[in-house]
Amino acid sequence: MFDTIILLSGEAEQHVLPHLLLGHNPFLKVIPVRTSADLTFLNSELLRRSRLVAFVTPEIVPVSVLNRLGYGAFNFHPGPPSYPGWAPSHFALYNRETEFGVTAHVMVEQVDAGPIVDVALFPIPANISVLGLEGLAYAHLAQLFWRMAKWLATDAAPPPTLPLEWGARKYSRRSYQSICDIPLDIAKDEFDRRIEVFGGNHFGMAPTIHLHGVEFRAVMPGGKIVA
């Protein structure tokens, strides 16, 4: 019998999202967890009664957990289906996309590869920053969660899926690091483009030049990492 949602998210979301779910089903039990390691402590009997919901989290759910969930696992990804994987806002701006979005999908063993349940797309405003685009994506993802909350909290049946495919390229931490590695012969327009999008020292990585065994990282005047 479906009676539990395991909510894998950050601390801020764990103060808000359970109230939305419980508003649709006051008999529901919501268990907040922060890491994939937390999931390994949940017993099989509990998992059989549960649905997992992951919201804007970098955590990878072990397949051993996915296989024991009785009512599926669903992820709210802060990028459109064309941008599976890591840092979708960064790569979309770097690629000069004009449209972005967010995705709700079934979780499978491979990251951002399961059937797509819902999508919200929106135009990218001119001259928006990475943080600005991430904020817009978060707002749309919150709306998507609100739209799906009643089903998540009350319906044991699997949701219908959309006839959409994920993008062929899955972006990763390695992809991000590769763009931050600046070749010595880079053209100025390409250099400026990388600095603009990847110069914020997000994830502890900044555009870097290696010369004669020395690493040079992009910084702002005054010693701050480029924002």
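A few notes on this one:
- Of all residues in segment 164-207 being within 17 Å of the chain's Cα centre (by Cα), assigned to a helix (DSSP H, G or I) and touching a residue at least 12 places away in the same chain (Cβ under 8 Å), the one that is surrounded by the fewest Cβ atoms within 10 Å (Cβ to Cβ): ARG173
- Scope segment 1-19; condition surrounded by fewer than 16 Cβ atoms within 10 Å (Cβ to Cβ) and either in contact with a Leu (Cβ under 9 Å, 6 or more places away or on another chain) or of a type outside the set (A, V, I, L, M, F, W, C) (or both); matching residues: ASP3, GLY10, GLU11, HIS15, HIS19
- Odd one out for ALA92 among (1) crowded, with 20+ Cβ neighbours inside 10 Å; (2) under 22 Å from TYR176 (Cα atoms); (3) in contact (Cβ under 8 Å) with a residue 60 or more places away in the chain: (3)
- Of all the listed residues (GLU97, GLU134), the sole one being in the same structural domain as HIS77 (by TED's automatic domain parsing), at pLDDT 95 or above, touching a helix residue (DSSP H, G or I) at 6+ places or on another chain (Cβ under 8 Å) and more than 26 Å from ARG68 (Cα to Cα) is GLU134.
- Scan of segment 113-133 for residues that are part of a strand (DSSP E or B) and either closer than 17 Å to PHE198 by Cβ or among the acidic types (Asp, Glu) (or both), ordered by number: ASP118
- Checked against (1) buried (at least 16 other Cβ atoms within 10 Å of the Cβ); (2) within 30 Å of PHE191 (Cβ to Cβ), LEU39 meets all criteria but (2).
The values are calculated or read from the model by the stated rules, or taken from the named source; none is laboratory data. This one's a predicted model, so the numbers in the text were calculated from it and none came from an experiment. Every residue, glycine as well, gets a Cβ built from its backbone with ideal geometry; the counts of neighbours run over all protein chains shown.
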